[in-house]
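The values are calculated or read from the model by the stated rules, or taken from the named source; none is laboratory data. The structure displayed is predicted, hence computed values, not measured ones. All Cβ positions, even for glycine, are placed from backbone atoms using ideal geometry, and neighbour counts span all protein chains on display.
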Amino acid sequence: MTQHPLAFCDDAPLPDEPPGFFYPVGDPAPIFAPLASRDELLVAAWRKRVLPLRDYLMGEVFTTTSRTLVVGETGIGKTLFALHLGGAMAAAADFLGWEGRRRARVMYLDGELPAETFKDRMEMIAARYGDDIGLFGYNRDVLTPDEMLPLNTDAGRAWLWREIETVKPDAIFFDSIMCLLAGNMSEEESWEPVKMLARQITSRRICQVWLHHTGHKTSQSYGTKTREWEQDNVIMLSKSGGEDGTPEMSAAFNLEFSKSRNKSPANYKQFAPKIVRYTDDGFVCEEGLASKAKATSEVEIVRRAFLDAYSSLAESVAPSPGFDKKSVRKVKVDAIRDEIKNRGYLDTDEKGHVTATCRTNLRRAKAELLTKKIFAEEAGLVWRIATA
């Protein structure tokens, strides 16, 4: 075994293999030389520490140790965008102003599409980047029932590591969190097992791109914000439209980084907001964001969610007399709050509690409904006021 030029420390040999294959899959993490003393944690020691150079796959945005979350509402084009990004990585082709650095081996885990649709997408990738690229497309319809199980389970993680050992990827695309995990996506518990998985994948120097949906609140990812904490990039895809909210262009969206750890004065343009269009020539972009309609107030969004949640819960409640003795359906305020939270309208903290801002919005929304005599409330129960 020969000394690799990107060794972690002076005496740490690494396999004589190209970038992206530094560590055997069975190893839990890269092996660093033991610390002789805590002095090796001082600034001066860090300056002398030898670490691998970043292995860039696409511009200075995607590396073999970067983790990226791509967020967008249903139907905006996340899968098409991500497949083309993965194809460009595999072909070392430029994409949206990001330079293709080297040909990479890419695993794309699709948990959403039927096989026929996925094949159509792969045909598009082949037409654009060729069919001799190292892009491995996983689709449940062509796998056995015991493959690509939820990745927040022991069986799912074991399957993934077997595939990593076989394919030896430089990058993995996870499409999408909602389809590749089990459990309630609004709570931290479903993501907690994935945090260690993501760290272990990074330790193998494998780029990660996770796709996720927005909730009814389309300006943010659905559920717990803790998914974003350990990401290097968070990319938001939003609809592109005019001031009146009508579509301005077809097959187009705004792309904006809400988080970018590696942005610097030297490379900031690679993280600039973009208008992205899908054309006959593939994806094209220009800097800047298209204008959008004025955002609906947060209180109005919660008010509408309150009405929807009440209507849904009231269906299973037996009628009883209201203040005016007319028959109404009384629902617990706490049940409505929980329903709104589960639907993604209320932000939560790391403990799963509704944030103070969202509690205030909920109080204001409920007060508005009571003031306008749309609802009545008594002893923690609310009901829609019956009309003649």
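Scan the range 164-193 for residues that are in a loop (DSSP other than H, G, I, E, B) and over 14 Å from Arg227 (Cα atoms) and report the count. Adding up the residues that qualify gives 5.
Name the single residue that is nearest to the chain's Cα centre (by Cα) among those in the range 151-187 being exposed (fewer than 15 other Cβ atoms within 10 Å of the Cβ) and in contact (Cβ under 8 Å) with a residue 60 or more places away in the chain. Walk me through how you get there before you give the answer.
Within the range 151-187, the subset exposed (fewer than 15 other Cβ atoms within 10 Å of the Cβ) is 153-155, 158, 162, 165-166, 182-184.
Pick out the ones that are also in contact (Cβ under 8 Å) with a residue 60 or more places away in the chain and you get 165, 184.
Working: Glu165: 25, Asn184: 15 Å.
In this case the residue turns out to be Asn184.
Tell me, please, whether a residue that is assigned to a strand (DSSP E or B) and not assigned by TED's automatic domain parsing to the domain that holds Ala93 can be found in the range 301-323. Show your work before the answer.
Looking only at the range 301-323, we keep the residues that are assigned to a strand (DSSP E or B), and these are 320-321.
Right, trim to not assigned by TED's automatic domain parsing to the domain that holds Ala93 and you get 320-321.
Yes.
Using the structure shown, decide if Lys351 is in a helix (DSSP H, G or I) and of a type in the set (D, E, K, R).
no
The criterion of being assigned to a strand (DSSP E or B), at pLDDT 95 or above and not β-branched (Val, Ile, Thr) holds for Leu69. Filtering Arg128, Arg157 for residues that are at pLDDT 95 or above and touching a His at 6+ places or on another chain (Cβ under 8 Å) leaves a single hit, Arg128.
Taking each residue of the range 73-91 that is touching a residue at least 12 places away in the same chain (Cβ under 8 Å) and part of a helix (DSSP H, G or I) and looking for partners that are surrounded by 21 or more Cβ atoms within 10 Å (Cβ to Cβ) and of a type in the set (Ser, Thr, Tyr) with beta-carbon atoms closer than 7 Å, six or more apart or interchain, yields Leu83/Tyr108; Gly86/Tyr108; Gly87/Tyr129; Ala88/Tyr129; Ala90/Tyr129; Ala91/Tyr129. Arg128 meets all of the listed conditions (1) over 22 Å from the mean Cα position of the chain (by Cα); (2) part of a strand (DSSP E or B) but one, namely (2). Looking across the range 355-371, the residues that are surrounded by fewer than 18 Cβ atoms within 10 Å (Cβ to Cβ) and either touching a helix residue (DSSP H, G or I) at 6+ places or on another chain (Cβ under 9 Å) or modelled with pLDDT of 90 or more (or both) come down to Thr357, Arg359, Thr360, Arg363, Arg364, Ala367, Glu368, Leu370, Thr371. Of the listed requirements (1) farther than 22 Å from Thr218 by Cα; (2) in a loop (DSSP other than H, G, I, E, B), Leu369 misses just one: (2).
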